[in-house]
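Scroll down for the structure; my scribbles are underneath it.
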Amino acid sequence: MSAVRDLKIKTGVVKRTHKELLFYVKEAAYQQQRIDKIVAAGADEHDVRKQKEVLEETTTMMPDVKKRLADAYKTLLECIQDPQFEGTQELTDARAVLAEVEIED
């Protein structure tokens, strides 16, 4: 029972970390559009600089999240190799999450 629970937790970690990465990617794109918009509108240099700082904070987080996602992905991939999970719903869920997530090396 504990091994199945462990698989479920590892699946959740991959799913949650992937969701976090997608959020940062979306936030970075939004922030870049916002910067482009305020530059085109001729906004004050201070406002532009502050928005660039926000963008930098967002992009700074991405490598860490990508690394955590790659580690969690690898751990889950190793975990599903265990034959004791064959035929379980948790294994099906884990495989679905792995298929959904793209890992950049």
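Each value in this text was obtained by applying a stated rule to the coordinates, not by laboratory testing. Nothing here was measured: the structure is a model prediction, and the numbers come from that model. Note that we place each Cβ from the backbone using ideal geometry, even for glycine, and neighbour counts take in every protein chain shown.
You can think of it this way: the chain between E102 and A29 has 24.4 nm of extra reach, that is 0.36 nm per residue less the Cα-Cα gap.
Could you size up the charge dipole of the chain around its Cα centre, putting +1 on the beta carbon of Lys and Arg and -1 on that of Asp and Glu, and report it in debye to the nearest 20? Don't skip to the end; give the middle numbers.
Values: 17 positive and 21 negative charges, 47 e Å.
With only Lys, Arg, Asp and Glu charged at Cβ, the dipole is about 220 debye.
Once both labels are positioned 7 Å from their Cα atoms along Cα-to-Cβ, the gap between T88 and K67 label points is 3.1 nm.
Relative to the longest principal axis of the Cα atoms of the chain, the long axis of helix 2-40 lies at roughly 10 degrees. Simple rule: put +1 on each Lys or Arg Cβ and -1 on each Asp or Glu Cβ in the chain, find the dipole, and look at I103, V48, F85; the Cα lying farthest toward the positive end is F85. For the pair K50 and I9, the difference between a 0.36 nm per residue extended length and the Cα-Cα distance amounts to 10.9 nm.
Output the relative contact order of the chain, whole-number percent, from Cα pairs under 8 angstrom with separation of 6+ residues.
Working: 66 pairs, mean separation 47.0, N = 105.
Result for the chain is 45 percent.
Would you calculate a helix-derived [θ] at 222 nm for the chain, using -39,500 (n - 2.57) for each DSSP H run of n ≥ 4 and dividing by the full residue count, to the nearest 500? Computed ellipticity for the chain at 222 nm equals -29500 deg cm²/dmol. For helix 45-79, report the angle its Cα long axis makes with the longest principal axis of the Cα atoms of the chain; keep it between 0 and 90° and round to the nearest 10°. Taking the Cα atoms of the chain, the angle to 45-79 is about 10 degrees. Put simply, the Cα atoms of the chain extend 62, 23, 18 Å along their principal axes, the longest span coming first.
With Cα atoms defining each centre, segment 78-104 and segment 11-36 are spaced 23 Å apart in the structure. Straight Cα distances below 24 angstrom link K74 to the lysines K8, K10, K15, K19, K66, with same-chain residues fewer than 8 positions distant left out.
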